[in-house]
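Working notes for the structure below.
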């Protein structure tokens, strides 16, 4: 007979074996008092399926969901700490309002009365545009939907943004301008079918470990699979790389054009695909032919690109030939490409490589942007959680779209303003300038995470700030006039939509901690107190909200009509378009098997295998862009000679509101550090663990040096997690003129030993 | 006492060597080499943090280990909660 400890060990072994398809003898299984619930991981954008073990009203165990095809039962190390966050001592348990400079406990009635009164006063005195909402790619779709209706539909302002503006906006701009529609053509299924992974500005091993495992599995099972990395920093991802190109931060646009140059001149392009499926355009939108494109690329020979990017010409040729010779190819990228002054152009140039070679729309080939947050795609990009969009990939500038949404919301069409509101950086500048006098911040920590952060603390200090949060304190709650306790993962139900267009349901498993409430209901109750009782009376359940949103996706490229709660509770997510409850979801868009493509008239599909039907495409064609090279917004110079770049590490996530709740994790990775290449450290007389002063034009920080052969010489790296060393204060807030995404990834810096 | 069932992805030619080295680790019980070069193991610790420390040690110290993936974590009796 097993004792309890042996039983748990056996259960752990069985679960681990099952995750790789191995069945251990079932006689080892025993009954348990744990109730298991199918859900989704709370952390990154991969969308791993988890089974939540609940016992006695607490989360007591976590399993990878071995029926979920994203992760097949495997999790990353952050899973060790998921329940830590739920039951953390730093959970915010009661509403609080600031009195005499201190946050003090109050009840919901007083807190919401105060917010409603202040918001209505501001609106009456200064108009709806004096208010703003700042949300999150971690909020559920239902939560963002309620904020959208309150601010755009009722208050009448488009000053509604979300933190995906800071991480994914350039990918959105890239997809829209290149293939006419947001989000990838394919799915993770392509990982097991590709011959090449080209990873650009992505530390997949640390930031998306489960996808990295799938990449390793593919390489293990098919050793001819190639892995090429383009990144100014060596990371644990390098352990499986065949080739690593190290461009100077911000100087890779020329590199992508040079790869295209080699593909064009070495006969790797698919001219019939180009002719049938694409336009070629210059920066002004003027149409060109292939000959003209070839002439444009003559400015980007490998030698010329080497001089700009710092990558040896021979390596550029090698990378291009690997791409060209691979029958199928996947390019994966994250913030290294997006958080740039010309992030949209960088995205265009990567997608170009797939369009000129026809390596798109077929199994194993795709230009595939990896998302950082679990619902940046679902809640914000699809749900309309930015200042220029509305639910279901609609635009505020489109009159028909405004009417459609207003009708569903039950508000006059004129309530939704036709002009986009302030994007994130403009919004926080608006607070500084006093144009915005009240802001509601939900599920995010901008005082820590904004670039050039200290510049925007002024507005947070001076204006009326409401923060709905699960944890206290954060850097943002330090500026809050009102703090509202929000229910956390496992305490609420809702839907997350991950990187691969897959929407997944999460159940509420336990009661919210303390007096915490679901964010969607907090917004509903606030709306009622502000005078929108009629407009918000019907939202009594999460399913009612989801169904209303689902209806707004009908007939759109991201059709979710078949993704009812009833169905989502049973399946491991559905990949849109999924137009009916019978439809299984769509592996590849714009081609055979996509219900929207399949329904197109035959003449539209004649002599082509893809039809790009998205809202920004014309004649079903994608666009190959002739984008010139552009330097970063803040190049290094004699005064600031080192390029600073930032990012995540394995143990932590964003601003530590979740991973920081585990003291153990803090001990594992307790403080910030700056990675300096030994060549640079030697020149500067800096040794490992020395204290150094890091400076940019925006400020300075003292930080510990880690001398390590990870960043290329001339580049330093600092993780952005710790509020004690908020490196974002030093980052540049220069942003891409198209996507409005700031250039976190490149700042000119200098370092001196203290 | 937190307990985790993990799969350990190993380079194909190093599976037996890694398995042998894992057997020298305290609080690690192995359950054999399986298809696609995975080793099944159970990690035991007094705190969740120790689980991660063991996991990281396996990843950092044993040549040939490509990844350690928790599939099951039981959090009951975490000493750090006391």
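Rule-based calculations on the coordinates, nothing more; no lab input. Since the model is a prediction, treat every value here as computed from it, not as a measurement. Quick reminder, even Gly has a Cβ in these numbers, built from the backbone with ideal geometry, and neighbours come from all protein chains shown.
Working note: Debye formula, equal point scatterers on the alpha-carbon atoms of the range A:317-408, no solvent; log10 I(q)/I(0) at q = 0.20, 0.23 Å⁻¹ is -1.02, -1.13.
May I ask you to derive the FRET efficiency for residue A:637 and residue A:607 from their Cβ-Cβ distance with R0 = 41 Å, giving the value to the nearest 0.05? Kindly include the intermediate steps, with their values, before the conclusion.
Numbers: r = 53 Å, r/R0 = 1.29.
Computed FRET efficiency for residue A:637 and residue A:607: 0.20.
What the Kirkwood sum gives for the range A:146-229 is a hydrodynamic radius of 15.8 Å, with every pair of different alpha carbons counted.
Pair-distance distribution P(r) for the range A:674-744, from all Cα-Cα distances in 5 Å bins starting at 0: 3, 16, 23, 23, 18, 10, 5, 3, 0 percent.
Set against the 2.2 N^0.38 Å expectation for a compact globular protein, the range A:239-284 has a Cα radius of gyration ratio of 1.52. Computed extension length for residue A:3-residue A:299: 99.4 nm, one decimal, from 0.36 nm per residue of separation with the Cα-Cα distance subtracted. Taking N as the residue count of the range A:282-366, its C-alpha radius of gyration divided by 2.2 N^0.38 Å amounts to 1.17.
When the distances between all Cα atoms of the range A:278-331 are binned every 10 Å from zero, what whole-number percent does each bin get? Pairs per bin, as whole percents: 21, 34, 42, 3. Size check on the range A:461-588: the Cα extents along the three principal axes, sorted descending, read 50, 31, 29 Å.
Averaged over its residues, how many other protein chain Cβ atoms are within 10 Å of peptide A:290-298's Cβ atoms? Numbers along the way, then the final one.
Details: counts 0, 0, 0, 0, 0, 0, 0, 0, 0.
Whole-number average of other-chain Cβ neighbours for A:290-298 is 0.
With N the number of residues in the range A:4-86, Rg(Cα) / (2.2 N^0.38 Å) evaluates to 1.08. In whole percents, the pair-distance distribution calculated for the range A:69-155 from its alpha-carbon pairs, binned every 5 Å from zero, is 3, 10, 11, 14, 20, 16, 9, 7, 6, 3, 1, 0.
Across all Cα atoms of the range A:111-268, the radius of gyration (one decimal) and Dmax (whole number) stand at 22.3, 68 Å. Calculated [222 nm] ellipticity per residue, helices only, for chain A: -8500 deg cm²/dmol; basis is -39500 (n - 2.57) per DSSP H run with n ≥ 4, divided by all residues, nearest 500. A convex hull fitted to the Cα coordinates of the range A:188-262 yields 97 cubic angstrom per residue. For residue A:100 and residue A:189, the difference between the fully extended length at 0.36 nm per residue and the C-alpha to C-alpha distance is 26.4 nm.
Taking 37 °C and 0.692 mPa s as the conditions, I'd like the Stokes-Einstein D for the range A:180-369 in µm²/s, using the Kirkwood hydrodynamic radius from alpha carbon pairs. Show your work: numbers first, answer last.
Working: Rh = 16.6 Å.
Stokes-Einstein gives a translational diffusion coefficient of 198 µm²/s.
In the protein assembly as shown, the inverse of the mean reciprocal separation of distinct Cα atoms equals 27.3 Å; this is its Kirkwood hydrodynamic radius. Its convex hull of Cα atoms gives the range B:3-76 a direction-averaged projected area, equal to a quarter of the hull surface, of 4.3 nm². Rounded to whole Å, the principal axis extents of the Cα atoms in the range A:340-457 read 51, 41, 24, largest first.
Would you please calculate the Kirkwood hydrodynamic radius of the range A:513-556 over all C-alpha pairs and express it in Å, rounded to one decimal? Can you show the working numbers first?
Values: mean 1/r = 0.0856 Å⁻¹.
In the range A:513-556 this quantity evaluates to 11.7 Å.
The distance from the alpha carbon centre of the range A:42-82 to that of the range A:214-284 is 33 Å, rounded to a whole number. Legend: Rg and Dmax of the range A:224-314, from Cα coordinates, 15.1, 43 Å.
For the residues of A:57-64, the average number of beta carbons from a partner chain within 10 Å of their own beta carbon is 5.
Starting from 0.36 nm per residue, how many nanometres of slack lie between residue A:314 and residue A:242 once their C-alpha separation is accounted for? Kindly include the intermediate steps, with their values, before the conclusion.
On the way: separation 72, 0.36 × 72 = 25.92 nm, distance 1.44 nm.
Fully extending the segment from residue A:314 to residue A:242 adds 24.5 nm.
Centre-to-centre separation between the Cα atoms of the range A:146-173 and those of the range A:400-417: 16 Å.
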